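Here is the structure we will look at, set down as structure tokens.
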Amino acid sequence: MRWDVLVVAAALVGFLGDGSYCLAGSEVIELKDGHQIVGEVVAEKANFLFVDLGFDILKVPKDQVLRRKADDGVKTPSGPSGPVVEADPTGFYKTADLKLTPVKDLVRRFGEAVISIETPSGKGSGFILNDEGFAVTNHHVIDGETRISAILYENTPGGLKRRKIEDVVIVALNPFVDLALLKLPVQKDLKLGHVFLGSLDDINAGDGVFAVGNPLGLERSVSQGIVSTKNRNFEGLVYLQTDTAINPGNSGGPLFNLRGEVIGVTNMKLTFGENLGFAIPINYVKDFLRNREAFSFDKDNPNTGNRYLDPPRRLKPGLPPGRVTSSKP
């Protein structure tokens, strides 16, 4: 990729008026190669942005721009994987403004946060949200189960080290969107890795994604594909459709974008077709986590959390007693 750097006077910038327009205020422009440009977009044409860096005017091809956002001048705290933004006021989960990175590096960085979920009747996947050991999986993975264990995979010089943790606790269940929140017991000799939750604001059909999970019991499998559509409707709920290979056992695992942010939870596929997989969008996951108390679970009281019964059906046809119909034609 070649950029033309134009050193021009402010008067020349004003001359760029044939179909272009000026924008006020500094912006952060993220490029597809992972770099960022901070400056004022002084002119925008059909194929180029002209960015004032303060000492030069940079001509940037628009097909190399991933996204743009206002520069508010606020520096976010830096974490081990990039600048961290507390998306949840309580800090229960985090988001991060990560850079585009090769999938193999992202798997190495975030792979320890992806876990296997084992029950007496089956196996699924999940991912760790924070240092306290809270993890997300699908409701159908642990539905009706009382004994749940998690398998962690630690990066070691000799490869992945498998570690089983028993007595995983169910914290909250939302069967309506097929999500469950679990809690792993504290491991004093182990520091847990965690994922960052992303956003669907800049996700479009054709964007690259990858999944990590345990399809058909094949632990730590990685598959890559694209977003087929971000708004597939099934029974009143919206799903991300992807051609990323997923199978039974992937359920509850994360669907990552190419910056390593979780944008969905894989939960089903169409068995009579090829490359037709689906994931619960991350906005459903965030709503579930923010309102987790409404779906709290107590093994000794199955009615915990807010559960609303359907209203009773009327037994007799016709209008209810005392109901007056309108006499208007």
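For this structure, a couple of remarks:
- Restricted to strands (runs of 3 or more DSSP E) entirely inside segment 140-212, those with at least 2 residues that are closer than 19 Å to Tyr284 by Cα and in contact (Cβ under 8 Å) with a residue 24 or more places away in the chain are 169-174, 179-183.
- Residue in segment 256-271 that is among the hydroxyl-bearing types (Ser, Thr, Tyr) and free of Cβ contacts under 8 Å to residues at least 24 places away in the same chain present: yes
- Residue that is surrounded by the fewest Cβ atoms within 10 Å (Cβ to Cβ) [pool: residues in segment 118-135 that are within 21 Å of Val209 (Cβ to Cβ) and in contact with a Ser or Thr (Cβ under 9 Å, 6 or more places away or on another chain)]: Phe127
- Screening Ser20 with (1) polar (S, T, N, Q); (2) modelled with pLDDT of 85 or more; (3) farther than 23 Å from Asp202 by Cα gives one miss only, at (2).
- Checked against the criterion of being in a loop (DSSP other than H, G, I, E, B), modelled with pLDDT of 90 or more and under 26 Å from Lys94 (Cα atoms), the candidates Ile280, Ile246, Ile263 yield just one match: Ile246.
- Residue check, Glu112 modelled with pLDDT of 90 or more and outside any loop (DSSP other than H, G, I, E, B): yes
The values are calculated or read from the model by the stated rules, or taken from the named source; none is laboratory data. Here the structure is a predicted model, which means the values were calculated and not measured. Every residue, glycine among them, receives a Cβ derived from its backbone with ideal geometry; neighbour counts consider all protein chains shown.
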